[in-house]
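I have placed the structure first, in the form of C-alpha cells, so that the comments after it can refer back to it.
The values are calculated or read from the model by the stated rules, or taken from the named source; none is laboratory data. What you are looking at is a predicted structure, and each value in this text was computed from that prediction instead of being measured. Note that each Cβ is placed from the backbone with ideal geometry, even for glycine, and that neighbours are counted across all protein chains shown. Heavy atoms of the whole protein, side chains included, go into the accessibility calculation; ligands, DNA and RNA do not. Shrake-Rupley method; radii C 1.70, N 1.55, O 1.52, S 1.80 Å.
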Amino acid sequence: MTKRQKHKISLRKQPIQARSNQLIAAILEAAVQVLEKEGAQRFTTARVAEKAGVSVGSLYQYFPNKAAILFRLQSDEWRQTSELLNGILEKAEKPPLERLRILVHAFIRSECDEAKMRIALSDAAPLYRDAPEAQEIRVSGNRAFQAFMQEALPAASETARALAGDLITTTLSAVGKSFSESPRTAAEIAAYADAMSDMFCAYLKDPSAAGSAKPRLRTRRR
C-alpha cells in the first residue's frame, strides 16, 4: 500500500517588503479567479501566474506548488470564518442560546455567500488536509466553541459537553454545506437558520433527552 504524498504547503519564504506583499496579494486574487472559473481539477500554477501577470518563477519564490496556494486560500477562509464566529461566541453579555442563534444565522449566510469558492476548495482538500499546518488550524478553531459549551452546559460532564459540541458543529458544517449548494434567497436562508437554531437550542436545554430517548415499538392493531 503506497503512502499518500504530503505536499509542502507553507510559504517558501516570508514577504518582508511591501512589494512582496503586493505580489502575494496579486497571486492570491488571481488564484481565486482561476479556481472559480476552472475548478480544483484544472487549477495550475501556470494559469495562476498568467492571470496574475507574473512569471511562474516569481510565483514559486513564495508558493512551492499549487497545494500551497490552495491551502493559503483555505486557511484565509478558515481564519475569516473563525474570527466571525469566535467574535459572536465571546460576547458574554448575551445569553449562550442567543449567541448560538446569531452564530447559526451568520454561518449559514457565510456558507451561501461563499458557496462557489467553498465547493472548489473542498474539492482541493485532499492536497493539503493531512498537512500539520491544516491540523493546527482546525485544533485552534475548536477552542472557542469548547469554551462556549462550558457556558452553555455548566452542569454537564466534560464528556456530555464534548458530545453536544461535536453534534452541533458537525451538523452545522454538513447541513450548511448541503444547503448552500443550491442558490438561496435571503428569506430561505433566514428560515433555515431559524429552524436549525430551534433544534440546537432545544437540544442544549435538555441534552440528556436525545441520549436517553428509547425507540418505541409499534404494535399492530388487530
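Some values worked out for this structure:
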{"read-out": "Residues of segment 79-109 satisfying the condition of being at pLDDT below 90 and open to solvent by less than 60 Å² (accessible area, probe 1.4 Å)", "value": "Thr81, Ser82, Leu85, Asn86, Gly87, Leu89"}
{"read-out": "Among residues of segment 50-64, those that are assigned to a loop (DSSP other than H, G, I, E, B) and surrounded by 15 or more Cβ atoms within 10 Å (Cβ to Cβ), counted", "value": "5"}
{"read-out": "Selection from segment 139-194 of residues that are over 16 Å from Leu97 (Cβ atoms), among the charged types (D, E, K, R) and part of a helix (DSSP H, G or I)", "value": "Arg143, Glu158, Asp166, Lys177, Glu188"}
{"read-out": "Residue within segment 14-26 that is without any contact (Cβ under 8 Å) to a residue 12 or more places away in the chain and under 23 Å from Ser182 (Cα atoms) present", "value": "no"}
{"read-out": "Answer residue from segment 40-49, given it is surrounded by fewer than 18 Cβ atoms within 10 Å (Cβ to Cβ) and touching a helix residue (DSSP H, G or I) at 6+ places or on another chain (Cβ under 8 Å) and is farthest from Gln22 (Cα to Cα) among those", "value": "Gln41"}
{"read-out": "Members of segment 97-111 found to be touching a residue at least 40 places away in the same chain (Cβ under 8 Å) and either in contact with an Asp or Glu (Cβ under 9 Å, 6 or more places away or on another chain) or under 18 Å from Arg184 (Cα atoms) (or both), listed by number", "value": "Arg99, Arg101, Val104, His105, Phe107, Ile108, Arg109, Glu111"}
{"read-out": "Selected residue (criterion: farthest from Cys112 (Cα to Cα)) from residues of segment 161-193 that are more than 20 Å from the chain's Cα centre (by Cα) and charged (D, E, K, R)", "value": "Arg161"}
